[in-house]
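The values are calculated or read from the model by the stated rules, or taken from the named source; none is laboratory data. It should be emphasised that the depicted structure is a prediction, and the values quoted were computed from it without experimental measurement. So basically every Cβ, Gly included, is an ideal-geometry build from the backbone, and we count neighbours across all protein chains shown.
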Amino acid sequence: RQLRSGDPTAVWVPNAEQEAMRDPTRTRDDFKAREQKTRQQLDAFVLRHGYHWPSNKTRWTQAHYDWLESLTFEHAWLRIVLEEYIDAVKIVGARVATITDRMMKVLPQWSLAPLLDSLIALRGIDKISAMVLLGELGDISRFDSPKQLMAYLGLTPSEHGSGKRRRQGAVTLTGNSRARRTLVESAWSYRFRARKTMHLKRKGG
């Protein structure tokens, strides 16, 4: 009876390929979280012992690592701790780089790869961000409107009403959190003026 009346709502079910593509992006996400945590632990250790990297200089460059490795301590066992933290950061960073490289190599085999090329034309979205979005959402054309997509991601205001009163609150934060976080992070790029990166300059773009 409900089917005849059109009451049931269609539900998108990801196919096997779609499910499989989610795993690499989620694994990379896990590695990035570990990398961030390990870096925070190293930073906290260094600060706790009175060392400060200049705030106007970029962290996690070769110069930063050279500075970290030059630090000295009164007790030898503190040097051991420093070296272990540095090694841990480098190891997890290498894992992130490895899985990123392998994801790029299998990307052309994905049926949604052509759509990914369209997404990266938008400022703030790179290949990894596009892979996360498409991996979590599938073919975005299945949404009837941007408003429907935003509602699916929990980026629409919550609403509370009573009688004639209507009050909107914070965004609902329902739906897929990975896709929502990626889209929000990409949107932050629009705070800044568009500019040519070194990568584009090298390409002559």
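Within the stretch 94-189, considering only helices (runs of 4 or more DSSP H) that don't extend past its boundaries, which have at least 2 residues that are surrounded by fewer than 12 Cβ atoms within 10 Å (Cβ to Cβ)?
Details: elements: 113-119, 127-137, 146-153, 177-187.
It comes to 113-119, 146-153.
Would you say Glu84 is acidic (Asp, Glu), more than 19 Å from the chain's Cα centre (by Cα) and not in a helix (DSSP H, G or I)?
On the way: acidic (Asp, Glu): yes; more than 19 Å from the chain's Cα centre (by Cα): yes; not in a helix (DSSP H, G or I): no.
In short, no.
Would you say Trp67 is among the aromatic types (Phe, Trp, Tyr), out of contact with any strand residue (DSSP E or B) (no Cβ under 7 Å at 6 or more places or on another chain) and part of a helix (DSSP H, G or I)?
On the way: among the aromatic types (Phe, Trp, Tyr): yes; out of contact with any strand residue (DSSP E or B) (no Cβ under 7 Å at 6 or more places or on another chain): yes; part of a helix (DSSP H, G or I): yes.
When the stated conditions are applied, Trp67 passes them.
Conditions (1) outside the structural domain of Lys37 (by TED's automatic domain parsing); (2) touching a Leu at 6+ places or on another chain (Cβ under 7 Å); (3) of a type in the set (Gly, Ala, Ser), marked per residue:
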| site | (1), (2), (3) |
| --- | --- |
| Val92 | no, no, no |
| Ala97 | no, no, yes |
| Asp101 | no, no, no |
| Ile120 | yes, no, no |
| Arg142 | yes, no, no |
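Looking only at the stretch 41-64, count how many residues are surrounded by 11 or more Cβ atoms within 10 Å (Cβ to Cβ), on the phi < 0 side of the Ramachandran plot and not in a helix (DSSP H, G or I).
Counting residues in the stretch 41-64 that are surrounded by 11 or more Cβ atoms within 10 Å (Cβ to Cβ), on the phi < 0 side of the Ramachandran plot and not in a helix (DSSP H, G or I) gives 4.
Which condition breaks for Arg102 when tested against (1) touching a strand residue (DSSP E or B) at 6+ places or on another chain (Cβ under 9 Å); (2) modelled with pLDDT of 90 or more; (3) not small (Gly, Ala, Ser)?
(1)
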